[in-house]
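J.: Before we start, here is the structure in question, set down as structure tokens.
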Amino acid sequence: MIHDTTRIPVIETERLILRGFELRDFEAVAAYKADPAVMRYTGGPESRFKAWKSLAAMAGSWILHGFGYFCIAEKQSDTCIGHCGLLNPPGWPEREVGYTLAGPAQGKGYAAEAAGAALRFAYDELGWDTAISVIDPNNHASQKVARRLGATVERQNVPIWDFTADIWRHLPPRQILSSNT
């Protein structure tokens, strides 16, 4: 049986395509998941096997929840440069918007562009009324993205599974849907 990825929406922004992951994305995912700088605040570098499991989990979330992570691809090349999207595993504080970009894609505004699109999708298409981002207290780049989207720190040093993070609250639907973020 072949999985039907057509149920995962495709979202286009000015510079990006948010789409379901494909097998051809694995090498890019394995590369950024192995990068210590990229993975510094999300559990550390992953082996190829763990990167494969991460890719499968990101794709599988769509089946289990009806939402999940999108592959972030540059529009011109359709090359995978990271992931962004929605998650809420069992025991998570709330539904979250998360994002990770490969090193060469960082610092270009891609994370805010992708996360803003994912957040609008969550509110407009899925009917979410709120969302958070779980951010390591030392991850200043991720905090900058959250601030750019209008999020503010709601709780600090919250124990979540096997780590501690800050909870950032995103703007409600009526504000985010009317913004140009």
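J.: When you go through GLY44, GLY103, GLY20, GLY98 one by one, which is the residue that is at positive phi and modelled with pLDDT of 95 or more?
T.: On inspection, the qualifying residue turns out to be GLY44.
J.: Which residue out of VAL145, VAL153 is in a helix (DSSP H, G or I) and either farther than 20 Å from THR13 by Cα or touching a helix residue (DSSP H, G or I) at 6+ places or on another chain (Cβ under 6 Å) (or both)?
T.: Being in a helix (DSSP H, G or I) and either farther than 20 Å from THR13 by Cα or touching a helix residue (DSSP H, G or I) at 6+ places or on another chain (Cβ under 6 Å) (or both) holds for just one of VAL145, VAL153, which is VAL145.
J.: A further question follows. Within the stretch 128-146, work out how many residues are more than 9 Å from TRP168 (Cβ to Cβ) and among the hydrophobic types (A, V, I, L, M, F, W, C).
T.: 4
J.: Please enumerate the residues belonging to the stretch 36-50 that are in a loop (DSSP other than H, G, I, E, B) and surrounded by 15 or more Cβ atoms within 10 Å (Cβ to Cβ).
T.: VAL38, MET39, TYR41, THR42, PRO45, GLU46
J.: Now, a different point. For the stretch 118-142, give me each residue that is farther than 20 Å from TYR69 by Cβ and touching a residue at least 24 places away in the same chain (Cβ under 8 Å).
T.: Once the filter is applied, which keeps residues that are farther than 20 Å from TYR69 by Cβ and touching a residue at least 24 places away in the same chain (Cβ under 8 Å), the stretch 118-142 yields ASP129, PRO137, ASN138.
J.: Suppose the filter is in a loop (DSSP other than H, G, I, E, B) and out of contact with any Phe, Trp or Tyr (no Cβ under 6 Å at 6 or more places or on another chain); does PRO104 pass it?
T.: no
J.: Just to verify a result, which residue in the stretch 60-80, among those that are in a helix (DSSP H, G or I) and small (Gly, Ala, Ser), is surrounded by the fewest Cβ atoms within 10 Å (Cβ to Cβ)?
T.: So, considering only residues that are in a helix (DSSP H, G or I) and small (Gly, Ala, Ser), the one surrounded by the fewest Cβ atoms within 10 Å (Cβ to Cβ) is GLY60.
The values are calculated or read from the model by the stated rules, or taken from the named source; none is laboratory data. Here the structure is a predicted model, which means the values were calculated and not measured. In this analysis, Cβ positions are derived from the backbone assuming ideal geometry, glycine residues included, and neighbour counts consider all displayed protein chains.
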